[in-house]
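Everything on this sheet refers to the single structure shown next.
The values are calculated or read from the model by the stated rules, or taken from the named source; none is laboratory data. Bear in mind the structure is a predicted one, so any value in this text is a computation, not a measurement. Heads up, the Cβs are rebuilt from the backbone with ideal geometry, glycines too, and the neighbour counts pull from every protein chain shown.
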């Protein structure tokens, strides 16, 4: 029996939803890296408009990390191009921890974007990775 067949449909749905959420963050970071004037919605919200070169480079790195996160949660349930190996389990738990911390940091931010959009967004992704991690 394959890993995909052993995974509950709700867990697969959570993994797909989490991967979609991570892809959304990756696309947002790509837009920032390409110069989109969304500085108030990222990196603490201290910079209005286009980010400076250093933060744009950081957005490229963030885009790669969130893209990898999407692949990891899919692999955890036997979907996507990565094999469902043991390291996907612990990376999923690391993602859960980082998203939980990110939720707290975003809610505590002075940026309204981070408080009211990214905080809840991170919370939803944390819950979804918790579901995937427990599978």
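Can you find, within segment 51-78, the residue that is nearest to residue 17 (Cα to Cα) among those that are assigned to a loop (DSSP other than H, G, I, E, B) and touching a residue at least 40 places away in the same chain (Cβ under 8 Å)?
Top of the filtered list is 77.
Mind listing whichever residues of segment 46-59 are surrounded by 13 or more Cβ atoms within 10 Å (Cβ to Cβ) and either over 23 Å from residue 123 (Cα atoms) or out of contact with any helix residue (DSSP H, G or I) (no Cβ under 6 Å at 6 or more places or on another chain) (or both)?
Residues satisfying the conditions are 47, 50, 51, 55, 56, 58.
Can you tell me which of 110, 48 is farther than 24 Å from residue 133 by Cα, part of a loop (DSSP other than H, G, I, E, B) and in contact (Cβ under 8 Å) with a residue 60 or more places away in the chain?
Selected residue: 110, the only one of 110, 48 that is farther than 24 Å from residue 133 by Cα, part of a loop (DSSP other than H, G, I, E, B) and in contact (Cβ under 8 Å) with a residue 60 or more places away in the chain.
Return yes or no: is residue 115 under 15 Å from residue 44 (Cα atoms) and surrounded by fewer than 16 Cβ atoms within 10 Å (Cβ to Cβ)?
Yes; evaluated as a whole, the condition is true for this residue.
Find all pairs meeting these conditions: Cβ atoms under 9 angstrom apart; at least six residues apart or on different chains; first residue within segment 18-37 and over 24 Å from residue 54 (Cβ atoms); second residue in a loop (DSSP other than H, G, I, E, B).
19/79; 19/80
State the number of residues belonging to segment 79-94 that are without any contact (Cβ under 8 Å) to a residue 60 or more places away in the chain and either part of a loop (DSSP other than H, G, I, E, B) or under 13 Å from the mean Cα position of the chain (by Cα) (or both).
Of the residues in that region, 8 qualify.
Of the numbered conditions (1) in contact with a helix residue (DSSP H, G or I) (Cβ under 9 Å, 6 or more places away or on another chain); (2) not in a helix (DSSP H, G or I), residue 37 fails exactly one; give the number of that condition.
(1)
Yes/no matrix, rows are residues, columns are (1) over 16 Å from residue 127 (Cα atoms); (2) surrounded by 19 or more Cβ atoms within 10 Å (Cβ to Cβ); (3) modelled with pLDDT under 95:
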| position | (1), (2), (3) |
| --- | --- |
| 74 | no, yes, no |
| 85 | yes, no, yes |
| 89 | no, no, yes |
| 98 | no, no, no |
| 103 | no, yes, no |
